[in-house]
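Take a look at the structure set out below.
The values are calculated or read from the model by the stated rules, or taken from the named source; none is laboratory data. Since this is a predicted model, take the numbers as computed values, not measurements. Note that each Cβ is placed from the backbone with ideal geometry, even for glycine, and that neighbours are counted across all protein chains shown. Side chains are part of the model used for accessible areas, which takes the heavy atoms of the whole protein and leaves out ligands, DNA and RNA. Shrake-Rupley method; radii C 1.70, N 1.55, O 1.52, S 1.80 Å.
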Amino acid sequence: GRMLSNPDCELCTHRGAVIWETDRCRVIRVDDPLLPGFCRVIWTAHVREMTDLAANDRDHLMRVVWALEAALRACYQPDKINLASFGNVVPHLHWHVIPRWTDDAFFPEPIWGKRQRDDSPQRHQVSDQDLAARIQAMYR
């Protein structure tokens, strides 16, 4: 089918730091030093809601989310993974996949909540290539 795109949508027009992708969606890293490993899975076509997708596309998207979650757990060993899909400001379907630690700057608040402490300990860095390889290995 025709690729849906909206020229006014930042997720349509800016591809971001793509670290892994399929024919239907992409994984980008979010550059936030307080939140290492924070990534988004962005559906390529401009759709608003999960139920705008055909069932097989919903399954495909969530398989990528699960692969990313598994890869982030393996690479970062976080205390928790947060999954979130809002799109209130940018109504283009995407999922946030966020490694969390009990001593990170926001814990136990969501990352959009009130900051709880001044600093967040340094975490080991994982290269885009290593994370991409792990996503690929986890993707089914």
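Here is a check on your reading of the model: is V41 assigned to a loop (DSSP other than H, G, I, E, B) and either without any contact (Cβ under 8 Å) to a residue 12 or more places away in the chain or among the aliphatic types (A, V, I, L, M) (or both)? When the stated conditions are applied, V41 does not pass them.
When every residue of the stretch 25-35 is checked against the conditions, none turns out to be over 28 Å from C9 (Cα atoms) and at pLDDT below 95. If you go through the stretch 85-109 and keep only what is within 15 Å of the chain's Cα centre (by Cα) and on the phi < 0 side of the Ramachandran plot, you end up with S85, F86, V90, H92, L93, H94, W95, H96, V97, I98, P99, R100.
Every condition in (1) open to solvent by less than 60 Å² (accessible area, probe 1.4 Å); (2) in a helix (DSSP H, G or I); (3) in contact with a helix residue (DSSP H, G or I) (Cβ under 9 Å, 6 or more places away or on another chain) is met by D130 except one, and the failing one is (1).
Among the numbered conditions (1) surrounded by 20 or more Cβ atoms within 10 Å (Cβ to Cβ); (2) out of contact with any His (no Cβ under 6 Å at 6 or more places or on another chain), the only one that H96 does not meet is (1). For the subset of the stretch 1-35 comprising residues that are open to solvent by less than 20 Å² (accessible area, probe 1.4 Å), of a type outside the set (A, V, I, L, M) and within 16 Å of the chain's Cα centre (by Cα), which member is nearest to S127 (Cα to Cα)? My answer is R26. If the condition is being open to solvent by 80 Å² or more (accessible area, probe 1.4 Å) and either touching a Phe, Trp or Tyr at 6+ places or on another chain (Cβ under 7 Å) or touching a residue at least 60 places away in the same chain (Cβ under 8 Å) (or both), then the stretch 66-93 contributes W66, D79. Only residues that are closer than 30 Å to C12 by Cα and either loosely packed, with under 11 Cβ neighbours inside 10 Å or touching a Cys at 6+ places or on another chain (Cβ under 7 Å) (or both): list them for the stretch 99-113, please. Passing the criteria: W112, G113. Within the option set P121, P99, being at pLDDT below 95 and not hydroxyl-bearing (S, T, Y) holds for one residue only, P121.
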